[in-house]
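Visitor: Below are the structure tokens for one structure; questions will follow.
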Amino acid sequence: MPSEPNQSRREAAHQPIEKDPRICLEQRLAELDIPFTTHEHQPVFTVAESEELHRKISGAHTKNLFLKDAKGKLFLVVASHETEVALKQLHKKVGAARFSFGKADLLQEVLGVTPGSVTAFAVMNDTDGQVQVVLDQSLMNSEIINAHPLKNNATTSIARNDLLRFLVAHQHDPTILDLTFDASAGATHS
């Protein structure tokens, strides 16, 4: 006997709907009345892989570090792609215990992204406010900031002040610091 025609629709209605993270981000930006432009491209995982994009897309481009300090506090450092971040010294500037990179499973759990897709926009997934956001002062000198829209196969351009507004709207009031260091003083992350 054939099943009732609407049965599959009813069953589907009770299934969790998994939304594309980028669509969720774009909806959130629209809710906040924040204009943005998204540029499609091949997935990129490192700053070096994205150099060609930097020439094509105007504005400052980001590199993002998901860090955990020795006391278990989590940090998202959002720097200009040109800034050399001295990891061995960064914890002192931030006022934290020594840093290590956060593990991929913790990144997914807290920010909802995978390595290579880390972005300031991911704070929208940190509803418990576990992550302290640190922004590079040199990044804040640019009018337009470019970041992954939760996936590394696109770049979203947003005005600096709108990025700040987005962070604050998600209860992540960022700390803005000069992240530049004397390169001879310790190891850097380029």
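Visitor: Translational D (Stokes-Einstein, µm²/s) of the chain at 20 °C and 1.002 mPa s when Rh comes from the Kirkwood sum over C-alpha pairs?
Guide: 121
Visitor: Could you work out the local net charge near V94, counting Lys and Arg as +1, Asp and Glu as -1, over the other residues with Cβ closer than 10 Å to its Cβ?
Guide: That works out to +2.
Visitor: How much length would be gained if the chain were fully extended between T38 and S138, taking 0.36 nm per residue of separation minus their Cα-Cα distance, in nm to one decimal?
Guide: So the extension gain works out to 33.8 nm.
Visitor: Let me ask something additional. If you stretched the chain out fully between K92 and R165, how much longer would it get, using 0.36 nm times the residue separation minus the C-alpha to C-alpha distance?
Guide: The K92-R165 span can extend by a further 23.6 nm.
Visitor: Explain nothing, just the number: relative contact order of the chain, from Cα pairs under 8 Å at least 6 residues apart, as a whole percent.
Guide: Details: 322 pairs, mean separation 53.9, N = 190.
Across the chain, relative contact order equals 28 percent.
Visitor: Name the long-range amide H neighbours of R98: under 5 Å, sequence gap of 5 or more, or other chain; modelled H, no Pro or chain starts.
Guide: Correct list: A70.
Visitor: Based on the Cα atoms of the stretch 86-190, what semi-axes does the equivalent ellipsoid have, where each is the square root of 5 times one gyration tensor eigenvalue, given in whole Å with the largest first?
Guide: 22, 18, 14
Visitor: Let's see if you can work this out: charge +1 on each Lys and Arg Cβ, -1 on each Asp and Glu Cβ, no other charges. What is the dipole magnitude of the chain about its Cα centre, in debye to the nearest 20?
Guide: 440
Visitor: Ok, one more. Could you sort 173-181, 108-116 so that the peptide with the highest average Cβ count within 10 Å comes first and the rest follow in order? Can you show the working numbers first?
Guide: On the way: 173-181: 15.8, 108-116: 17.3.
Averaged packing, sorted descending, gives the order 108-116, 173-181.
Visitor: Then there's this: Return the calculated 222 nm mean residue ellipticity for the chain, to the nearest 500 deg cm²/dmol, obtained by summing -39500 (n - 2.57) across DSSP H runs with n ≥ 4 and dividing by the residue count. Present the calculation step by step, with values, prior to reporting the outcome.
Guide: Numbers: 7 runs with 54 residues, N = 190.
Helix contribution divided over all residues of the chain: -7500 deg cm²/dmol.
Visitor: Could I have the simple spin-label model distance between D20 and K71, label points 7 Å from Cα toward Cβ, reported in nm to one decimal?
Guide: Simple spin-label model gives 4.2 nm for this pair.
Visitor: To continue, here is another question. My understanding is that a pair violates if its Cα-Cα distance is over 31 Å; which of K56/K92; K19/K63; K71/K151 do that in this structure?
Guide: Result: K56/K92 exceed 31 Å.
Visitor: Contour minus end-to-end for N153 and A104, with contour as 0.36 nm per residue of separation and end-to-end as the Cα-Cα distance?
Guide: Full-extension gain reported as 15.8 nm.
Coordinate-derived values only; no laboratory data. Computed from a predicted model, the values in this text were never measured in an experiment. In this analysis, Cβ positions are derived from the backbone assuming ideal geometry, glycine residues included, and neighbour counts consider all displayed protein chains.
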